[in-house]
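Here the structure comes first, spelled out in structure tokens, and everything after it is commentary.
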Amino acid sequence: MAFGDQPAYLRVAGDLRQKIVAGELPPHTRLPSQARIREQYGVSDTVALEARKVLMAEGLVEGRSGSGTYVREQPVPRALARTGYRTAGESTPFRQEQADSRVKGTWESRSQQVAVDTALARRLRIATGDRAMRTDYLFRAGGEPVMLSTSWEPLAVTGRTPVMLPEEGPLAGRGVVERMAAIDLIVDNVAEEVSARPGLAEEVLPLGGVPGHYVVVVSRTYFAGGCPVETADIVVLAERYRIAYHLPVK
């Protein structure tokens, strides 16, 4: 479709987007009103409204109750370093998710036993309805929430062992590799898949985002001798992070 053939609301949204990117409409500036857009571009109220919706869906503007729509300040994306697993240095849940050694962080967690659904059963290579230990993490860097992670470990592997609860016992707060080694399971492979999707409210709100904005999801699984011993979904706000992989050449 040629640019001139685009729907009117996309042409209006594109022009406003260009002004935002160029700094003609800087952060915290009020977006032209619906009436002003209608007059300036010679379009209908419906077109003006749809153009504003496009910019809002893209995260370029935000509505403020009783005040109007304003240009959002765009964060500078930071790298989320992924290196698989390294035996040297600190081995903690934060370190295994954020491999950049310059970033220091803390985390909160909660564990509970659950019956896995079909999708999780496939990832863990167990039967639907089998039990797993689910642990939800909220990671912070400099006190700022930066990342969510939900991990599942099959209780057929960790049940009735000292590492059944990731954040309790003699290896509380250590990484998966170290905990599994304590029960004679040697993690020898890590697989990751990266995807993006609109974030759920329960994901983006704890991270300081807006429901509907995109998140990046890293789905990671640790294997020992070909058997999955842990799988997890790591979630970050797409506008704040880019995934950077540093992989050794063998």
Answer yes or no as to whether Ser33 is surrounded by fewer than 17 Cβ atoms within 10 Å (Cβ to Cβ) and within 32 Å of the chain's Cα centre (by Cα). no
Just checking: which of the strands (runs of 3 or more DSSP E) contained wholly in the range 35-92 hold 2 or more residues that are under 30 Å from Ala141 (Cβ atoms) and modelled with pLDDT under 75? 78-82
Take Val163 and decide whether it is in a strand (DSSP E or B) and either on the phi < 0 side of the Ramachandran plot or among the small types (Gly, Ala, Ser) (or both). no
Exclusive hit being buried (at least 16 other Cβ atoms within 10 Å of the Cβ), at pLDDT 90 or above and of a type outside the set (A, V, I, L, M, F, W, C), set Asp188, Asp233: Asp233
Six or more apart or on different chains, Cβ atoms under 6 Å: show the pairs whose first residue is in the range 135-156 and small (Gly, Ala, Ser) and whose second is at pLDDT below 90. Ala141/Val103; Ala141/Gly105; Ser149/Glu97
Any chance you could count how many residues in the range 131-148 are out of contact with any Leu (no Cβ under 7 Å at 6 or more places or on another chain), modelled with pLDDT of 95 or more and not basic (Lys, Arg)? 2
Condition broken by Tyr245, with the remaining ones in (1) within 12 Å of the chain's Cα centre (by Cα); (2) open to solvent by 10 Å² or more (accessible area, probe 1.4 Å) satisfied: (1)
Matching residues in the range 114-130 - criterion: being surrounded by fewer than 12 Cβ atoms within 10 Å (Cβ to Cβ) and either part of a helix (DSSP H, G or I) or in contact with a Leu (Cβ under 9 Å, 6 or more places away or on another chain) (or both): Thr118, Ala119
Given (1) surrounded by 18 or more Cβ atoms within 10 Å (Cβ to Cβ); (2) among the polar types (S, T, N, Q); (3) under 13 Å from the mean Cα position of the chain (by Cα), number of the condition Ser219 does not satisfy: (1)
Any pair with Cβ under 9 angstrom, 6 or more apart, that starts in the range 44-56 at a residue that is of a type in the set (Ser, Thr, Tyr) and ends at one that is open to solvent by less than 60 Å² (accessible area, probe 1.4 Å) and at pLDDT 90 or above: Ser44/Ala8
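The values are calculated or read from the model by the stated rules, or taken from the named source; none is laboratory data. Please read all numbers here as calculations on a predicted model, not as lab measurements. Because the Cβ atoms are built from the backbone with ideal geometry, glycine has one as well, and the counts that use them run over all protein chains shown. Calculation scope for accessible area: heavy atoms of the full protein, side chains included, ligands and nucleic acids excluded. Shrake-Rupley method; radii C 1.70, N 1.55, O 1.52, S 1.80 Å.
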